[in-house]
Amino acid sequence: LWAYLLQKDLPASSDAAATHIIPAMAPVDRTNTSMRMLIHDMQATLEKFSTRVDNLLINIKDAKTEVVNCNRISESERERVLDEISNSSKKMQTELKACIGAPSQASSLELIQKSQSSAENSIQALDKRIDAIQTV
């Protein structure tokens, strides 16, 4: 870099006297100056990167907030729909009970159930008697 800058600043004539008169246009400590330039470039690059990272983190935070809001909204909507379905089914059940009333077979079923339980008790008693006879 410095060699190019120095050659660019040299006059077109190649006089030996002219070459000795030219004062030093570049700093004497070229290495430190180059390092300062590199550090400055690195700092500018890091500042740009830091700005981009900050914007990215802000966008991530906003997206996370939106996801939480969407979850909350979908949960409340789900509960509303389930309540609506439950209310509709209860309403339909009461409507059906009002239209149908008490089933006509209910009393007959109760009578059959009583006779079945008495028959079952009789069979169990007979089984006990047969077991008692077989053991003798």
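The values are calculated or read from the model by the stated rules, or taken from the named source; none is laboratory data. Bear in mind the structure is a predicted one, so any value in this text is a computation, not a measurement. Neighbour counts are summed over all protein chains in view; Cβ atoms, including those assigned to glycine, are modelled from backbone coordinates with ideal geometry. The area values use the complete protein model at the heavy-atom level, side chains included, leaving out ligands, DNA and RNA. Shrake-Rupley method; radii C 1.70, N 1.55, O 1.52, S 1.80 Å.
Some notes on this structure:
- Among the residues of segment 86-107, those identified as in a helix (DSSP H, G or I), modelled with pLDDT under 90 and among the aliphatic types (A, V, I, L, M) are Leu96, Ala98, Ile100, Ala106.
- Residue within segment 97-105 that is surrounded by fewer than 10 Cβ atoms within 10 Å (Cβ to Cβ) and either of a type in the set (Ser, Thr, Tyr) or on the phi > 0 side of the Ramachandran plot (or both) present: yes
- Residue within segment 108-116 that is open to solvent by less than 80 Å² (accessible area, probe 1.4 Å) and either modelled with pLDDT under 90 or touching a Gly at 6+ places or on another chain (Cβ under 6 Å) (or both) present: yes
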